Amino acid sequence: MLPGRRIVGVRLSAKTDFIDDPASVERELPGTRIKSVERYGKFLVIELERVRPSNDEGKIALLIHLGMTGQLVVTSAKTPVPPHTHAFFTLDDGREFRYTDIRRFGQIRVLLNGERETALGPLGLEPLEVSEAEFRKTIGSRSAHIKALLMDQTVLRGMGNIYTDESLWRAKIHPRWLGSKLNDDELRRLHRAIRRVLTEAIEARGSSVSDYVDADGERGEFQLRHRVYQREGKKCFRCGSMIRRIIVAGRSSFFCSTCQKAPRAKRKAKRR
């Protein structure tokens, strides 16, 4: 969709508080060709190459973080512009790569030589690539709530609130269990559940629970498969008990009060 296309123009709205150095975005991007689009946790990195003479022949990339309400859509330049669209990247085929963000909690930044590592910071394991053994070792050695661990980008990158709750429900693990208190069988179940949830969500183009759309502007469908997220007070699909909500790691956490047993004060030592 994007690789191989050239960026021939950049237009920014008056609201650029989420952009690090707007002048750099307008100056550096026109005339570059898109090499690849890669995900690093919750960041997107668009690798670029210069196709016109420049004083700086080094590496260049565009870093984008969607925040809570950001959207990226590739569309015809003639498509009506939705409210809160703050960045327009005109492509050589007549389309536009648009960034829309109501709350402007996201980030756009040009990355030049050696800036990627600093900008991304320390990132944890990739949930779709980490082996079961490495997952068990990493999660099982930490004394923090499992909900907080899964959403900690320095532990497991790319997991958000929805897919964390859905994975914990599938694995039958309460969000307040400590990682170090989970036994091997529970960690195996959780590893498998995370991979299944993320794979199914990708195939369904994500979860459109609010205003989320994919790069084509289409709503996702994984919200139709949610089993706990935002289902407080409704019956569990597995056992019929009530879905409840608590706050863990500063986020609303939805779980089944029967399937996902809450931690007790004491528990028998786990077997390794």
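The values are calculated or read from the model by the stated rules, or taken from the named source; none is laboratory data. This structure is a prediction, so every number in the text was calculated from the model and none was measured. Glycine gets a Cβ as well: all are built from the backbone with ideal geometry, and neighbour counts include every protein chain shown.
Filtered by the rule that a residue be at pLDDT below 95, more than 26 Å from Asp17 (Cβ to Cβ) and not hydrophobic (A, V, I, L, M, F, W, C), the stretch 114-142 gives Gly124, Glu126, Pro127, Glu129.
Here Thr100, Thr90, Thr138 are screened, and the one residue that is over 30 Å from Leu29 (Cβ atoms) and buried (at least 16 other Cβ atoms within 10 Å of the Cβ) is Thr138.
Being assigned by TED's automatic domain parsing to the domain that holds Asp17 and touching a helix residue (DSSP H, G or I) at 6+ places or on another chain (Cβ under 9 Å) is a property that Ile64 lacks. Contact map, the stretch 3-23: residues that are without any contact (Cβ under 8 Å) to a residue 12 or more places away in the chain paired with residues that are surrounded by 13 or more Cβ atoms within 10 Å (Cβ to Cβ), Cβ distance under 8 Å, separation 6+ or inter-chain. Pairs shown: Pro22/Leu12; Pro22/Thr16.
Within the stretch 177-198, the set of residues being surrounded by fewer than 18 Cβ atoms within 10 Å (Cβ to Cβ) and outside any helix (DSSP H, G or I) comprises Leu178, Asn183.
Among the residues of the stretch 118-132, at least one is closer than 19 Å to Ser180 by Cβ and in a helix (DSSP H, G or I).
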